[in-house]
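A short write-up of the structure that comes next.
We did not get these values from a lab; they are worked out from the coordinates using the rules stated. Worth saying up front: this structure is predicted, and the values here are computed from it rather than measured. A quick note on method: Cβ atoms are made from the backbone with ideal geometry, for glycine too, and the neighbour counts reach across all protein chains shown.
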């Protein structure tokens, strides 16, 4: 399957501004960043979480811990995958009593976020879990919503949203398109 | 029909498959350090440990691995089962199948027994040791342990020392090490070496000659009954010529890794002080065993049946 892009909905500057705004909202809502831990969902949630943590550190003048989460072990659709690949999970220190911000690139059905919450709770009992996404494309299948959204992008269920990030893809941009054989 | 997945011996795996198992195991080893050491990956799957040979360690390792993945585990030990009443291997297997198990972990004193199960059953078969033939998860956990200690294995040298002839650990281990690009030596009294040359393995009978050239010294368990078979004159002589003691360890490379599949005969193939030395990775092998068996169970049962063959 090859992704065929049709529309570019976010430019590099839009992504930069969205990350900035989300970071300010996180600080506002959590009254600083003292108890905040940022956790990115693999793959593209990880570079986004690093950008947000860097922005938080700059805003608050303190190091904000960052972790990365592989949710493969928690997926509810394992039986449909031919060869699931489990990558490493790393959470920075104890999350007990912290405010954990889950970061992902696209919020779609909500199933990845459900898996991520299950994974995080296995590491301890955070004070709260919040969700930051770059793009919310709708079509939820679970009662989950994002606390921080870069951009709401209305889509049809058959469309694909591709987030490209410098760290992974060599450029920043968000595209809507479809998959073709 | 969708292809079933099994792990019968390391020859089922090419180097890429092995690397995938090792990488997956690395991810799972992190689970073992969490406050809640359990993930839901195999929820609703049932794994049977079918052991026709007593082996508390291997069975417990598979049991812990399956439980950490939330699978249900049944233990079928020969001494407590209807095998004593004369039920055949095949009937036992078919009974398990009728109970709806997803994977059968089998240990059997007869080489090839897991291959029979594969013909009879729909479930995934994992070989946990068959006769003197194969023990693939041991070979994989040994690779994992070596990688943790040494990093890249390509070009490294390992010597298997001791009863190579009767050892399924050595037989699978040699294949796995060769597949990873290691140089493999086998050191034993001539009576404990296989009569047919092992492919790609340099064999010898002088341990002192070999020690300075090795990155890994893999000491095999000496089964006491072999002496009664006349394989070596006395335990004292074996110990004098083939025991890894502190004096021999002193001639080895400073970073040498000492391994043993357990259970050890302290004072026979390995001196007690060596087993407790920082070079010894013997308890690390046990921890690696759980991570490797989690990875193998996950790769065999985690994906869809129609998926590509892992193992």
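General remarks:
- Normalised per residue, the volume of the convex hull around the Cα set of the protein assembly as shown (Å³): 177 Å³
- Backbone N under 19 Å from the residue B:286 label point (7 Å along Cα→Cβ), restricted to segment B:225-262: B:258-262
- The stretch between residue B:253 and residue B:75 holds 59.8 nm of extra length on full extension. This uses 0.36 nm per residue minus the Cα-Cα distance.
- Treating r as the C-beta distance of residue B:237 and residue B:30 and R0 as 45 Å, the FRET efficiency rounds to 0.45.
- Calculated SAXS-style log₁₀ I(q)/I(0) at q = 0.17, 0.19 Å⁻¹ - segment A:1-56, Debye, Cα scatterers: -0.64, -0.75
- Cα-Cα separations in chain B greater than 38 Å, expressed as whole percent: 13 percent
- For chain B, the relative contact order works out to 23 percent when only alpha carbon pairs closer than 8 Å and six or more residues apart are counted.
- Calculation over all alpha carbon pairs of segment B:136-281 in 5 angstrom steps from 0 returns a P(r) of 2, 10, 22, 25, 22, 13, 5, 1, 0 percent.
- Evaluated over the Cα positions of segment B:139-219, the convex hull gives a direction-averaged projected area, one quarter of its surface, of 4.7 nm².
- Debye equation applied to the C-alpha atoms of segment A:27-89, log10 I(q)/I(0) at 0.15, 0.22, 0.23, 0.28 Å⁻¹: -0.55, -0.85, -0.89, -1.13
- Cβ-derived FRET efficiency at R0 41 Å, residue A:90 paired with residue B:111, nearest 0.05: 0.45
- Percent of Cα-Cα distances greater than 22 Å, calculated over segment B:71-211: 49 percent
- Sites residue A:3 and residue B:90, calculated FRET efficiency, Cβ-Cβ separation with R0 41 Å, nearest 0.05: 0.20
- Classified by the C-alpha gyration tensor, chain A has an oblate form. Its axis ratio a/c, with a ≥ b ≥ c, is 1.5 or above, and a/b does not exceed b/c.
- Two-decimal Rg/Rh across segment B:1-141, once Rg and the Kirkwood Rh are taken from alpha-carbon atoms: 0.96
- Placing a label point 7 Å from the Cα of residue B:202 along the Cα-to-Cβ direction, the residues of segment B:210-229 with a backbone N closer than 20 Å are B:210-220.
- Of the residues B:177, A:178, B:214, the one with the fewest other Cβ atoms within 10 Å heads the list, and the complete ranking is A:178, B:214, B:177.
- Gaussian network model of chain B, Cα within-10 Å springs - most flexible of B:240, B:293, B:107: B:240
- Taken along the Cα-to-beta-carbon direction at a fixed 7 Å, the label points for residue A:171 and residue A:43 span 1.7 nm.
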